[in-house]
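Chemist: Got a structure here, written out as structure tokens. Questions coming.
The values are calculated or read from the model by the stated rules, or taken from the named source; none is laboratory data. As the structure is a prediction and not an experimental result, all values here were calculated from the model. Cβ placement follows ideal geometry from the backbone for every residue including glycine, while neighbour counts extend to all protein chains displayed. These area figures cover heavy atoms from the full protein model, side chains too; ligands, DNA and RNA do not enter into them. Shrake-Rupley method; radii C 1.70, N 1.55, O 1.52, S 1.80 Å.
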Amino acid sequence: MNYFEWFGVERKFNLDPADLRKSFLSKSMELHPDKANSIDESLPEQSGYNNLAYSTLKDKSKRFTYILTLEDIIVAGEKPILPQEFLMEMLEFNMEIEEAKELKDESKLKSLKSQIENKIQLQLSGIQDILNQYDKGILNDDSKSKLKNFHYIEKYLLRIEESIYTFASDRKSVV
């Protein structure tokens, strides 16, 4: 049973957070040892599944990855093929990050982090129509390819953003 079925909600990218939370709380009550009708040894396991399902579906990025996995659009261990232009741009971007780190230029790093966030939002806006179509049950091969491409670009950008965060947190711990 997938997480959407578990909560009895539609498999959609654009879930209503209130509906999801309501389903989660309802399941939590069903599984609570004080509320369960019988003593069931699988309750702790089911509660863990409930929590994992909720934490996955409430986070847009995790939900996106989960749906792509359910739809067999991405496969674990698959080697992504990113556009050469994007990779060249990221090479230059990484060089800027390294330079800012070496110079301990916090304002430059903050600017670079902001640029990464903007790139993610720009990429997301480019697939928003596809996400809306998916929610209506429409998904063709071209759309799958675009979703897959976005997924790998987003992961790449988030790793770069994380390297900036790591530097910033290392700097704070030194002070």
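Chemist: Give the accessible area for His32 in Å² (nearest 10); use a 1.4 Å probe, count only protein heavy atoms, and leave out ligands, DNA and RNA.
Modeler: 80 Å²
Chemist: List the relative contact order of the chain as a percent without decimals, with contacts defined as Cα pairs under 8 Å and 6+ residues apart.
Modeler: Relative CO of the chain lands at 24 percent.
Chemist: Turning to a different aspect of this structure: From largest accessible area down, sort Glu10, Glu106; use a 1.4 Å probe on the protein chains.
Modeler: My answer, sorted largest first, is Glu10, Glu106.
Chemist: Shifting gears a bit: By the scheme Lys and Arg +1, Asp and Glu -1, what is the net charge of all other residues having a beta-carbon under 14 Å from that of Asn94?
Modeler: Numbers: positive: Lys101, Lys108, Lys113, Lys119, Arg159; negative: Glu89, Glu92, Glu96, Glu98, Glu99, Glu102, Glu161, Glu162.
Local charge sum for Asn94: -3.
Chemist: Within straight cross-link reach of Lys12, meaning Cα distance under 19 Å, which lysines are found once same-chain residues fewer than 8 apart are removed?
Modeler: Lys12 reaches Lys22, Lys58, Lys60, Lys62, Lys136, Lys144, Lys146, Lys148.
Chemist: I need the calculated FRET efficiency for the pair Asp72 and Tyr49, taking r as the beta carbon distance and R₀ as 30 Å, to the nearest 0.05. It would help to have the intermediate numbers written out before the result.
Modeler: Values: r = 22 Å, r/R0 = 0.72.
Efficiency computed from Cβ-Cβ geometry: 0.85.
Chemist: State the percentage of accessible surface on the chain attributable to carbon and sulfur atoms; use a 1.4 Å probe and exclude ligands, DNA and RNA.
Modeler: About 52 percent, which is the carbon plus sulfur part of the accessible surface.
Chemist: Taking every pair of alpha-carbon atoms in the chain, give the share separated by more than 26 Å as a whole percent.
Modeler: 47 percent
Chemist: Now for a different question. In region 70-175, which trypsin sites (Lys or Arg not before Pro) are in a loop and have at most 13 other Cβ atoms within 10 Å, using DSSP for the loop call?
Modeler: Filter output for region 70-175: Lys104, Lys136.
Chemist: Now for a different question. Just to confirm my numbers, what's the Cα centroid distance between region 9-29 and region 107-132 in Å?
Modeler: 27 Å
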